[in-house]
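Here's the structure, in structure tokens; my notes come after.
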Amino acid sequence: MGRRYYRLWPELISFENLYLAYRKAARGKRSKPAAAGFEFGLEENLLALRQELREGRYQPGRYASFPIHDPKRRLISAAPFRDRVVHHALVNIIEPLFERRFVYDTYANRKGKGTHRALDRCTHYLRRHAYVLPLDVRQFFPSIDHAVLQDTLAAVIGDERV
């Protein structure tokens, strides 16, 4: 069994972490109204968010859902900008705890990996093997068993506030 981590909460709600999380959430979106509005009162917004988190009053907002057609029709759910800041703040803290537990050939949303490395790896396997099975798991994210996910996270994260 792996190590459990405690006392993550103070690091998660630190102003420095929330500011870094804001910068990541705003990357490529600074001209969007929600990001620009958050940036307009940046320090006040980060301090208010930090206070809500610290006092246990933070409540996620409503997701906006919209269809896309790339290459097939899918329903996308987008969190409000301030919730994306919280998401990035959480990832900043827990990503290093889980990184070494990931399968080597997992490329999405991982530092030092990405599309080009995934393509290189696929090319490597295509040269060694004659068969490929392209597949897509239908409705994967909505089908995740949250109890199993929470148990998996709790096995690593011992700080109940996180």
Mean shadow area of the range 46-162, taken as a quarter of the surface of its Cα convex hull (nm²)
10.1
Residue among 12, 53, 75 with the largest mean-square fluctuation in a Gaussian network model of the chain, springs linking Cα atoms under 10 Å
75
If you bin the C-alpha pair distances of the range 9-81 every 10 Å from 0, what whole percents do you get?
17, 42, 28, 12, 1
May I ask for the longest run of the chain untouched by trypsin sites (Lys or Arg not before Pro) that are loop-located per DSSP and have at most 15 neighbouring C-beta atoms (other than their own) within 10 Å?
73-109
Could you pull the Cα extents of the range 3-50 along its three principal axes, largest to smallest, in whole Å?
41, 21, 13
Using only the alpha-carbon atoms, what does the range 81-146 span along each of its principal axes? Please give whole angstrom values in decreasing order.
46, 28, 23
Please sort by residue number the chymotrypsin sites (Phe, Trp or Tyr not before Pro) in the range 1-100 whose DSSP state is loop and whose Cβ has at most 13 other Cβ atoms within 10 Å.
6, 63
Each residue of the range 119-133 in order: what ³J(HN,Hα) in whole Hz does its phi give by Karplus 6.51 cos²θ - 1.76 cosθ + 1.60, θ = phi - 60°, with x for Gly and Pro?
5, 4, 5, 4, 4, 4, 5, 5, 6, 8, 10, 8, 10, 9, 10
Which listed residue (79, 47, 67) has the Cα farthest towards the positive end of the charge dipole for the range 1-79, taking +1 on Lys and Arg C-beta and -1 on Asp and Glu C-beta about the Cα centre?
67
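Coordinate-derived values only; no laboratory data. Being a predicted model, the structure only gives us computed values, none of them experimental. In this analysis, Cβ positions are derived from the backbone assuming ideal geometry, glycine residues included, and neighbour counts consider all displayed protein chains.
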